[in-house]
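Report on the following structure.
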Amino acid sequence: MRIRLYSLGGNEMVNGKDKLIAAIDTDDFDIAKNMIDSLEDSVDIFKVGLEQYLTTRGRVVDYLKEKNKKIFLDLKFHDIPNTMQSAVRAGVRDKVWMMTIHVSDLEGMRQCAKAAKEEAEKLNIEKPIIVGVTVLTSLSDQDLKDIGCNLGAEELAIKRAKLAKEAGIDGVVCSAQEVDKIVEACGEDFITVCPGIRPKAAEVGDQKRVVTPEDAIRRGARYLVVGRPITKSENPKESAINIVREIENA
């Protein structure tokens, strides 16, 4: 398979902390709080997903604000356009740095992009990054076929990324296995967020389309989401530092 590698340009140094997003996926606020504290010096961006947000009723978001950390609110909004844009406005008011919607119909995504811009201007704050989920990294080609999709994961992800760009949202969530093709199709300014990242020694778990941090960056990924290889390791801080080094060595 031919992989297009993206040069970082000249002697430009990459700050791995600017690209690493640690996923704090737990239903226990105290565990999340302790994990954030342990990673405070090695991670600047934290992902808050459905499990964490619902079971703690958003307390982790508030705690991350107290720590002056960037918040990636990964609730994957997917509904009728009016409901989606209302949810996006709520996310803007909560002053998150990035949030996810599902790549859906053009009108729905356009309304989300418009709502984010309008709400941020109204509050006189920086607009959060809006990214669309293309294909979950837990899904294989066979999984998609089983639910009636006649496209493979890569082809579907690229198609949805183009649709997201046309709708005017900032970028997409995608597997690093197809990120180089998405960057090629949508441009290097189109933000790519890649979950399913596993350091070389880490277990794959329930992810079916995984890539190492170094390979993901070389393929053109803008941000990497890493969960269990950090949070389930014996030394989360050390694991995060090692991933940052892998990113910087790409």
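Taking the stretch 30-80 as the search range and keeping residues that are among the charged types (D, E, K, R) and in a strand (DSSP E or B), which one is farthest from the chain's Cα centre (by Cα)?
Of the stretch 30-80, the ones among the charged types (D, E, K, R) are 30, 33, 37, 40-41, 44, 47, 51, 57, 59, 62, 65-67, 69-70, 74, 76, 79.
Adding the requirement that they be in a strand (DSSP E or B) leaves 47, 70, 74, 76.
Details: Lys47: 8, Lys70: 12, Asp74: 7, Lys76: 10 Å.
Selected residue: Lys70.
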- Message: Cβ-Cβ under 8 Å, sequence separation 6+ or interchain: first residue in the stretch 115-132 and of a type in the set (Lys, Arg), partner assigned to a loop (DSSP other than H, G, I, E, B). Which pairs?
- Response: Lys117/Lys127
- Note on the structure: Condition set closer than 16 Å to Lys67 by Cβ and among the β-branched types (Val, Ile, Thr), scope the stretch 19-30, selection surrounded by the fewest Cβ atoms within 10 Å (Cβ to Cβ): answer is Ile24
- Is the stretch 105-117 home to any residue that is open to solvent by 50 Å² or more (accessible area, probe 1.4 Å), outside any helix (DSSP H, G or I), at pLDDT 95 or above and closer than 27 Å to Tyr63 by Cα? no
- Task: Determine whether Ala161 is part of a helix (DSSP H, G or I) and in contact (Cβ under 8 Å) with a residue 40 or more places away in the chain.
- Result: yes
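Going through the stretch 4-42 one residue at a time, which ones are of a type in the set (A, V, I, L, M, F, W, C) and either touching a Pro at 6+ places or on another chain (Cβ under 9 Å) or modelled with pLDDT under 90 (or both)? Let's see the steps before the verdict.
As a first pass, look at the stretch 4-42 and keep what is of a type in the set (A, V, I, L, M, F, W, C): 5, 8, 13-14, 20-24, 29, 31-32, 35-36, 39.
Result: Leu5, Leu8, Met13, Val14, Leu20, Ile21, Ala22, Ala23, Met35, Leu39.
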- Search result, residues across the stretch 118-150 that are charged (D, E, K, R) and either under 25 Å from Val225 (Cα atoms) or assigned to a loop (DSSP other than H, G, I, E, B) (or both): Glu126, Lys127, Asp141, Asp143
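Which is at pLDDT below 95, more than 28 Å from Asp44 (Cβ to Cβ) and β-branched (Val, Ile, Thr), of Ile158, Ile147?
Numbers: Ile158 fails: at pLDDT below 95.
Ile147 is the lone residue from the list that is at pLDDT below 95, more than 28 Å from Asp44 (Cβ to Cβ) and β-branched (Val, Ile, Thr).
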- Task: Output the qualifying pairs, or none if there are none: Cβ atoms under 6 angstrom, residues six or more apart or on different chains, first residue in the stretch 238-250 and within 13 Å of Val211 (Cβ to Cβ), second residue open to solvent by 30 Å² or more (accessible area, probe 1.4 Å) and part of a helix (DSSP H, G or I).
- Result: Glu246/Glu214; Ala250/Glu214; Ala250/Arg218
- Output the number of the condition that Ser86 fails; it satisfies all remaining conditions of (1) within 20 Å of the chain's Cα centre (by Cα); (2) open to solvent by 20 Å² or more (accessible area, probe 1.4 Å); (3) modelled with pLDDT of 95 or more. (1)
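The values are calculated or read from the model by the stated rules, or taken from the named source; none is laboratory data. All values derive from a computational prediction rather than experimental measurement. Glycine gets a Cβ as well: all are built from the backbone with ideal geometry, and neighbour counts include every protein chain shown. For the accessible areas, the whole protein counts, side chains as well, though only heavy atoms, and no ligand, DNA or RNA atoms are used. Shrake-Rupley method; radii C 1.70, N 1.55, O 1.52, S 1.80 Å.
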